[in-house]
Each structure stands twice: as C-alpha cells, then as structure tokens.
Amino acid sequence: MRVLSLIRSRFAPILATWLTEPEALASALERIVASRESHLADYQANVAMPLQKKLEKPPLAIAEEILSKLDLSDICSSVSIAGQGYVNLRLSPEWLAKCLMEAHLDPERLAVGLAANPKTYVIDFSSPNVAKPMHVGHIRSTVIGDSVTKILRFLGHSVISDNHLGDWGTQFGMIIYGYKNFRDDVAFGQAPVLELSRIYRVVQKIIGFQDAVSNIPKLELAMERAEEKSAESKFKSAAAPQDKKLAKDFATAFKQLDEANDELAKSKKYIEETSRDAEFLECSKQHSQLGQRVLKETSKLHSGDAENLKLWEAFVPNCKEEIHSVYKRLNIQFDHEFGESYYHDLLPAVVEDLLARSLAVQSDGAICVFLDGYDAPMIVRKQDGAFLYSTTDIATAIFREREFAPDVSLYVVDHRQGEHFQKLFDVLRKIGLSHTELKHVEFGTVCGKDGKPYKTRSGAVVGLNAMLDEAVSGAWDVVCNPDRLQGSGLAFSEAEKRQIAETVGLGAIKYADLCHNRTSNYIFDMEKMVQLHGNTAAYIQYSYARTRSILRKAQAEGFETNQWQLAPLVLSASPEVNLGLQLLRFEDMLNQSMVDYLPNVVTEYLFDTAKLFSSFYDQCSVLDAETPESTRSRLRLTDLTSLTLRKGLELLGIGVVERM
Ligand code: ARG
C-alpha cells in the first residue's frame with residue numbers, strides 16, 4: 001500500500017493553490033512523512049511552517065486552513081494540529097486492518113503495486129577482475145547490486161544486469177608473463193585456478209617491490225619540498241605571530257612534512273624487509289622492469305598475438321570457474337556477462353569517433369578528452385596505441401544504449417572510482433547519451449577491526465570462498481550449538497543443521513554488508529555478524545522462524561490454516577497497531593530505498609519489524625487470547641509478519657529456514 005502518496009494526494013490540491021511551481025509543490029509534499037514518534041502520530045505533515053514567509057501568516061493559521069479543506073475521513077480516525085503547525089494524522093484502525101488484509105490475500109506481492117511508469121535499468125555490478133581470486137572487497141558490489149536488481153524488478157521495472165568482468169586488462173598480462181616464467185606445471189595440472197592465483201601474486205609482489213624502489217627518489221623529493229615549505233612557513237609565521245592564516249599554513253605544512261616523512265620511512269622499511277629474501281631479490285633482478293614486460297604481454301594479447309591469445313583462451317574459463325562457484329553459492333545470477341574483452345574490437349572506432357567530433361585530441365602522443373573541472377584529461381588511447389579501461393567503458397555504454405536503450409544506467413562500483421565515472425558520464429553526455437540517467441552507485445571500503453582494508457592475519461586479502469566457509473561455521477557455532485538446542489528444546493538432523501548454518505552464515509555476510517549505508521566504510525566483524533541478537537540476518541531469520549513456529553503450534557492445537565487466512569483482522573492493543581502500521585509501510589519503504597539505491601533502508605525496516613513483532617508477541621497473547629476471534633486475528637497478523645519478513649529478506653538475496 002502506498003500510504004504516503006495517498007495522503008500526499010489529499011494535501012496536493014490544497015497546497016497547489018499556494019505553490020504553483022511543480023518542484024516547490026513536490027518538495028512540500030516530501031515533508032509529509034511516517035512519524036517516528038508513534039505516541040504522537042502515525043503520519044505527520046510539516047507543510048505549514050515552511051509556508052509562513054510566503055503566505056505571511058502564522059503557521060498555525062496555515063495549518064488550520066489546510067485542515068478545514070483536508071478530507072482524510074476515509075483513512076484517518078483523527079487529524080489534528082500540534083506544536084507550531086504540524087498536522088498529525090492517525091490512521092483509522094479499520095482502514096489499517098482493511099489494507100493489511102488485502103496484503104495478506106496477496107502473499108506473493110503483499111499488494112505492492114507495480115510502478116506506474118516502469119523504467120528500463122541497466123545495472124553493472126560485481127564486475128571483478130577475473131585473473132585474481134575474488135576477495136572480500138568484491139562482496140559489496142555483488143550483494144548491493146543483486147538486491148537493487150531484485151527490488152527494482154519487484155517494483156515493476158525492467159532490469160538488465162550485466163557482470164562487466166575484467167577479463168582483458170593488465171591482470172592477464174600479469175598471468176601470461178607469470179605463466180611463461182614462473183609456472184609449476186604439476187601444480188597447474190592439478191589445480192589451475194590455484195596456480196594462476198599464485199602466479200598472479202608472484203608477479204604482483206615483484207612489481208610492487210620494483211615500483212616502491214623506483215618511487216623512492218620521488219618520495220625523497222616530495223620530502224625535500226615539504227621540508228622547504230615547512231621551513232618557509234615557519235619563518236613567515238614567526239615574523240608575524242598574530243597572523244592566524246600564517247599560523248594555520250605552518251600547521252598544514254608541518255603536517256604535510258610529517259606525512260611525507262612517514263610515507264618515505266614506510267616505503268624504505270618495506271624495501272628493506274623484502275630485500276632480506278635473497279631469492280626474491282635475485283628473481284626481481286632477473287625480471288627487471290616487470291611492469292613494462294607485463295604491459296608488453298598485455299599489448300601483444302590485445303594485438304592478436306597467437307600465443308598470448310591461446311593462453312588467454314585457456315585461462316579465462318579457469319578464472320571464471322572460480323568466481324562462478326562463489327556466485328552459485330551466493331545464489332546470484334546475471335542476465336549478461338559480456339566482460340571487457342567483448343568490446344575490444346569496438347575500441348578503435350570509439351577513439352576515431354571522438355577524434356572526428358573533436359572531443360578528443362592528441363596530447364603527447366596519447367589521445368585524450370579534456371574535460372572541464374579536472375586536472376587530468378581522460379586518456380582513451382595511450383602513446384603506445386593501447387586502449388584503456390575508460391575506452392572500454394565508453395564502448396560498453398554505447399553498446400548498452402543500442403541493445404537495451406536504458407532509462408537509467410547504474411554502476412555499482414567502489415567509491416575510489418568516483419572520478420573515473422564522473423569523467424565517463426561527462427564524455428557520454430557529450431556524445432549524446434544525455435537521455436539516460438547515469439549513476440555511480442558507489443560504496444565504501446570493507447575494513448578490518450583496525451580500520452584498514454580487511455586482510456587476514458598473514459596480510460593476504462581474504463579469498464571469498466574461504467570467508468563464506470568461515471561464516472557458515474560461525475553460524476553453526478551460534479545457532480546449532482548443543483547448549484542452545486537443548487535449552488530451546490530444538491532437535492535438528494545433521495542435514496537440517498547444515499542447511500540452517502549455510503542459510504544463516506551466507507545471510508550474515510550479505511546482511512552485514514547491506515545494513516551499512518553503502519556510502520560509508522564498514523568494519524567486517526565475523527563474530528558480530530552471525531549473532532542471534534542485534535541488527536543481524538540471524539535475528540531477522542530467527543524472528544521469521546518464530547512466526548512459523550507460532551503458526552505451526554496453532555495448527556497443532558487445531559486451528560486450520562483457513563481459519564486465520566480469512567479471519568477479520570481487528571487491531572486494538574497498541575503493540576498490534578504498531579506492528580500493523582509497520583507492515584503497512586512495506587511498499588513505501590521499498591520505494592524509499594530505491595530513491596538513492598540504499599538497501600540499508602530495507603534492513604532497518606526488517607530490524608524494526610522484527611522488534612515490533614517481538615513486543616507484540618510478548619505483550620499480546622496469541623493462542624491464549626481472550627476470544628477465538630482475537631486469536632485468529634493475531635494469527636493472521638503473525639502470518640502477514642512472516643510473509644513480510646520473508647519477502648524483505650528475499651529482496652536482499654537472503655534465505656529463511658522454517659525452524660531455528
Ligand atoms: N573490474 C573493475 C574493478 O574491479 C570494476 C568494473 C566496474 N564496471 C565498469 N563498467 N567499469 O575495478
């Protein structure tokens with residue numbers, strides 16, 4: 001039920017007499033919200049106060065005028081003015097019950113309507129670089145993208161999902177070079193994926209070391225500059241001790257010097273420690289300038305070199321096998337998985353076209369698009385003729401436009417690529433893709449407890465499959481431990497336990513990620529995320545299982561399902577009303593969550609629903625209610641809660657179990 005838009009539609013004609021501009025009217029209507037303070041109101045309209053200036057009247061008088069014209073008698077039991085001019089609304093329990101019964105009669109959709117103006121979305125998510133194993137950093141794009149896809153589809157939009165695999169970039173140059181130089185044939189024969197990822201790490205380590213060494217002079221220079229600046233600043237500030245700006249400049253310069261010092265020291269320490277491994281040092285010498293060698297392998301691949309192409313063709317299925325095993329386990333599907341390589345042949349034409357339109361120009365031998373507001377241009381072809389990530393993204397957008405003509409194109413990608421996408425969108429608008437709304441659905445970093453990007457104790461970035469195993473075993477310990485089972489009188493077969501642990505463990509990983517606002521970083525805490533209490537998947541899943549157990553118990557006590565399926569819903573005690581109001585908000589909440597593609601709006605809703613259900617069940621007897629009618633009504637409310645929790649979790653890609 002879209003309660004908000006219904007209420008807003010009643011206010012709209014009244015406000016429209018004062019607010020003639022559509023945007024002004026729309027933003028005034030936005031101020032009509034579900035109330036957070038349930039003891040005051042169910043819904044609240046803060047529309048009078050902002051009109052005070054315009055109408056030159058006290059807000060109270062405006063609110064009274066609104067009230068005299070407002071007709072909500074079919075929906076509300078009371079409409080009143082509070083404070084400076086808030087309009088407080090209470091829904092009538094009968095209308096609330098009627099809406100909830102409608103939702104209950106539609107268990108699949110819970111009476112959630114389909115979008116009046118459905119849009120076509122293309123959503124680019126997950127998109128890992130396949131030459132290296134997926135790690136915890138990939139979880140965010142994957143689960144956020146999957147749940148946005150599911151919610152938009154549920155709301156009636158057409159969504160085309162595309163996993164834009166990095167299957168053509170420098171990483172392949174790395175494993176091709178590594179395969180030619182560092183492979184262990186036996187290991188490759190036994191487990192190609194493992195061997196390729198080992199090879200990848202060898203190459204990565206050498207490149208990292210060589211880069212650090214060659215970067216030292218730059219860091220030293222930066223340090224010298226920072227020293228000079230700091231000294232100069234100090235001198236200036238000492239000459240004019242009253243000048244606050246100079247003092248601030250000095251503080252900044254000093255901080256920069258400190259940072260430069262730190263970076264240089266860190267880099268030197270890393271080089272020194274790494275150099276202690278004589279074998280590694282020798283290897284690095286033998287493969288000097290490895291970054292360049294890798295680029296050469298990559299560009300040979302791109303220009304159709306038979307040997308490299310053959311290796312690439314052999315490696316890609318191995319690499320994909322690894323990531324597909326993760327998707328399978330997480331139950332994530334894509335409509336397409338074209339990948340970067342798919343666009344390779346289109347890249348020369350993209351560059352030619354940009355040149356022909358004079359959008360791109362030659363600069364130092366490279367082809368660049370200069371954009372207002374950025375220091376560096378977007379390079380679309382390097383001096384050596386190689387195309388870049390950006391070039392592929394332009395080609396991809398043109399292809400998607402031709403194939404799918406999306407209204408909205410979403411890129412669920414790490415926030416660190418923000419500038420890349422801003423530049424890309426600028427270029428795409430310049431070449432005429434202006435009717436598509438382009439949006440970088442960015443997200444923050446997954447951090448360890450130390451606040452730094454999540455790594456294992458050994459320092460390696462954690463592989464996703466291993467992490468999923470860890471979550472499942474953590475869930476087993478929490479949910480299926482013998483003490484708990486004995487205490488709660490639950491008995492599960494081994495197979496059931498495995499299924500519960502898998503559902504709870506995978507749910508924990510997804511939920512922990514989704515429940516943080518995607519734009520912020522979050523701390524990955526395995527122990528916390530599998531807990532049965534707090535804002536966790538397990539708590540919601542447990543609440544669902546509890547609703548199911550109540551309904552099972554009712555059946556065991558002789559209530560036929562159809563007795564509550566069609567029973568009149570009567571909401572009188574306040575915990576029932578509060579739970580009912582929450583269930584009524586399901587559709588509004590889903591729409592709200594897609595305004596800025598925030599799945600955490602859904603997790604918050606589910607957490608609140610579970611808590612409201614718990615207070616309802618604690619305070620209102622269900623099976624021992626005063627009358628059989630009341631029992632049936634409460635069973636029906638329990639059933640609707642059950643369906644809502646399940647649907648909400650389903651839209652996040654999280655499963656449920658019937659008992660836990
Ligand atoms: N493969 C890229 C990476 O791992 C992400 C790709 C995102 N999608 C895109 N169209 N650029 O950084």
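The values are calculated or read from the model by the stated rules, or taken from the named source; none is laboratory data. The model shown is predicted, which means the values in this text are computed figures rather than measured ones. Here the Cβ is made from the backbone with ideal geometry for all residues, glycine too, and neighbour counts use every protein chain on show. SASA here: full protein model, heavy atoms, side chains in, ligands and nucleic acids out. Shrake-Rupley method; radii C 1.70, N 1.55, O 1.52, S 1.80 Å.
In the structure shown, do any of Lys119/Lys439; Lys296/Lys320; Lys205/Lys255 have a Cα-Cα gap over 19 Å, and if so which? Spell out each step's value before the answer.
Values: Lys119/Lys439 14 Å; Lys296/Lys320 24 Å; Lys205/Lys255 31 Å.
Cα-Cα > 19 Å for Lys296/Lys320; Lys205/Lys255; rest within.
So, by mean Cβ neighbours within 10 angstrom, what's the order for 18-25, 117-124, 326-333 with the highest one leading?
Details: 18-25: 12.9, 117-124: 18.8, 326-333: 15.9.
Per-residue Cβ counts within 10 Å, averaged per peptide and sorted highest first, yield 117-124, 326-333, 18-25.
If Ser27, Ser237 are ordered by their accessible area, calculated over protein heavy atoms with a 1.4 Å probe, which sequence runs from highest to lowest? List each step's numbers first, then the result.
Numbers: Ser27 55, Ser237 20 Å².
Ranked from most to least accessible, the order is Ser27, Ser237.
What does the C-alpha gyration tensor say about the overall shape of the range 1-155? Classify as rounded when a/c is under 1.5, otherwise prolate if a/b is larger than b/c, or oblate. Working shown, then result.
On the way: a/c = 2.61, a/b = 1.83, b/c = 1.43.
Prolate.
So, with +1 on the Cβ of K and R and -1 on the Cβ of D and E, and no other charges, what is the size of the charge dipole of the chain about its Cα centre, to the nearest 20 debye?
Working: 75 positive and 89 negative charges, 126 e Å.
Value, rounded to 20: 600 debye.
Return the distance in nm (one decimal) between the two label points of a simple spin-label model at Lys328 and Ser288, each offset 7 Å from Cα along Cα→Cβ.
It is 4.7 nm.
Which order do you get for Phe334, Phe125 if you rank them by accessible area with a 1.4 Å probe, largest at the top?
Highest to lowest solvent-accessible surface, that is Phe334, Phe125.
How high is the FRET efficiency from Leu6 to Asn481, r the C-beta distance, R0 56 Å, rounded to 0.05?
0.70
Tell me, what % of the accessible area of the range 497-622 is carbon and sulfur with a 1.4 angstrom probe?
Details: 2350 of 4890 Å².
Carbon and sulfur together cover 48 percent of it.
For every helix of n ≥ 4 consecutive DSSP H residues, a contribution of -39,500 (n - 2.57) applies; sum these over the chain, divide by its total residues, and give [θ] at 222 nm rounded to the nearest 500 deg cm²/dmol.
Details: 26 runs with 388 residues, N = 660.
Rounded to the nearest 500, the figure is -19000 deg cm²/dmol.
Would you mind working out the accessible area per residue for the chain, using a 1.4 Å probe, and quoting it in Å²? Before the final figure, lay out each step's value.
On the way: 31680 Å² over 660 residues.
Value returned for the chain: 48 Å² of accessible area per residue.
In whole Å, how far is the Cα centre of the range 376-394 from that of the range 268-320?
Value for the Cα centre distance between the two parts: 22 Å.
Leu623 to Glu527: FRET efficiency via 1/(1 + (r/R0)^6), r the Cβ-Cβ distance, R0 60 Å, to the nearest 0.05?
Details: r = 36 Å, r/R0 = 0.60.
E between Leu623 and Glu527, to the nearest 0.05, is 0.95.
Using the eigenvalues of the Cα gyration tensor, what equivalent ellipsoid semi-axes result for the range 158-213 when each is taken as the square root of five times the eigenvalue, whole Å, largest first?
Values: eigenvalues 133, 67, 14 Å².
Sorted largest first and rounded, they come to 26, 18, 8 Å.
How big is the accessible area of Tyr86 in square angstrom, nearest 10, if you roll a 1.4 angstrom probe over the protein chains?
80
Quick one: which of 246-252, 295-301 comes out on top by average Cβ neighbours within 10 Å, and what's the full order, highest first? Walk me through the numbers before you get to the answer.
Numbers: 246-252: 15.9, 295-301: 19.0.
Descending packing order for the listed peptides: 295-301, 246-252.
Please pull out the direction-averaged projected area of the range 94-185, using the convex hull of its alpha-carbon atoms, in nm² to one decimal place.
Working: hull surface 38.4 nm².
For the range 94-185, the mean projected area of the Cα convex hull comes to 9.6 nm².
Out of every Cα-Cα pair in the range 250-323, what percent are more than 17 Å apart?
On the way: 1882 of 2701 pairs.
Value for the range 250-323: 70 percent of Cα pairs lie more than 17 Å apart.
What is the percent carbon and sulfur in the accessible area of the range 107-189, measuring with a 1.4 Å probe over the protein chains and ignoring ligands?
Numbers: 1270 of 2470 Å².
C and S fraction of accessible area: 51 percent.
What nm distance separates the two modelled labels at Ala82 and Leu55, each placed 7 Å from Cα along Cα→Cβ?
Inter-label distance under the simple model: 2.0 nm.
So in the chain, what percent of DSSP beta bridges are antiparallel if you round to the nearest 5? All intermediate terms of the calculation are to be shown ahead of the outcome.
Details: 22 of 42 bridges.
Given both bridge residues lie in the chain, the antiparallel proportion sits at roughly 50 percent.
Where Rh is the Kirkwood radius over the Cα pairs of the range 493-594, the temperature 20 °C and the viscosity 1.002 mPa s, what D in µm²/s does Stokes-Einstein return?
Values: Rh = 16.7 Å.
This corresponds to a translational diffusion coefficient of 128 µm²/s.
Going from most exposed to least, what order do Leu72, Leu257 have by accessible area with a 1.4 Å probe? Walk me through the intermediate numbers first.
Details: Leu72 5, Leu257 25 Å².
Sorted descending by solvent-accessible area, the residues read Leu257, Leu72.
Got a number for carbon plus sulfur as a percent of the range 319-443's accessible area, 1.4 Å probe? Present the calculation step by step, with values, prior to reporting the outcome.
Values: 2750 of 6000 Å².
For the range 319-443, the apolar C and S fraction of the accessible surface comes to 46 percent.
When each pair of different Cα atoms in the range 133-262 is counted once in the 1/r mean, what is the Kirkwood radius in angstroms, to one decimal?
Values: mean 1/r = 0.0495 Å⁻¹.
For the range 133-262, the Kirkwood estimate is 20.2 Å.
Take the Cα gyration tensor of the range 541-596, multiply each eigenvalue by 5, square-root it, and list the three semi-axes largest first, rounded to whole angstrom. Before the final figure, lay out the partial values.
On the way: eigenvalues 148, 48, 25 Å².
Calculated on Cα positions only, the semi-axes equal 27, 15, 11 Å.
For Lys528, give me every one of the aspartates and glutamates with a C-alpha distance below 14 angstrom, ignoring sequence neighbours fewer than eight places off in its own chain.
Within reach: Glu470, Asp477, Asp513.
Express in Å², to the nearest 10, the accessible area of Glu279 obtained by rolling a 1.4 Å probe over the protein heavy atoms while all chains stay in place.
Looks like 150 Å² after rounding.
Quick one: compute the contact order of the chain, relative version, from alpha carbon pairs under 8 angstrom and 6+ residues apart, as a percent.
Details: 924 pairs, mean separation 104.1, N = 660.
The value is 16 percent.
If eta is 1.002 mPa s and T is 20 °C, what Stokes-Einstein diffusion coefficient results for the chain, Kirkwood Rh from Cα pairs, in µm²/s? Please report the intermediate quantities before stating the final value.
Values: Rh = 29.2 Å.
Translational D for this selection: 74 µm²/s.
May I have the pair-distance distribution P(r) for the range 364-507, computed from all Cα-Cα distances with 10 Å bins from 0 and rounded to whole percent?
Using 10 Å bins, I get a P(r) of 9, 24, 20, 20, 14, 9, 4, 0 for the range 364-507.
Rounded to the nearest 0.05, what FRET efficiency do Arg357 and Lys268 give with R0 = 45 Å and r taken as the Cβ-Cβ distance? Could you check?
Values: r = 48 Å, r/R0 = 1.07.
Efficiency computed from Cβ-Cβ geometry: 0.40.
Projecting each Cα onto the charge dipole of the chain (Lys/Arg +1, Asp/Glu -1 at the beta carbon, about the Cα centre), which of Tyr177, Phe235, Leu637 comes out farthest on the positive side?
Checked the options; the winner is Phe235.
Can you pull the one-decimal nm distance between simple spin-label points at Ala16 and Asp185, each 7 Å off the Cα toward Cβ?
8.0
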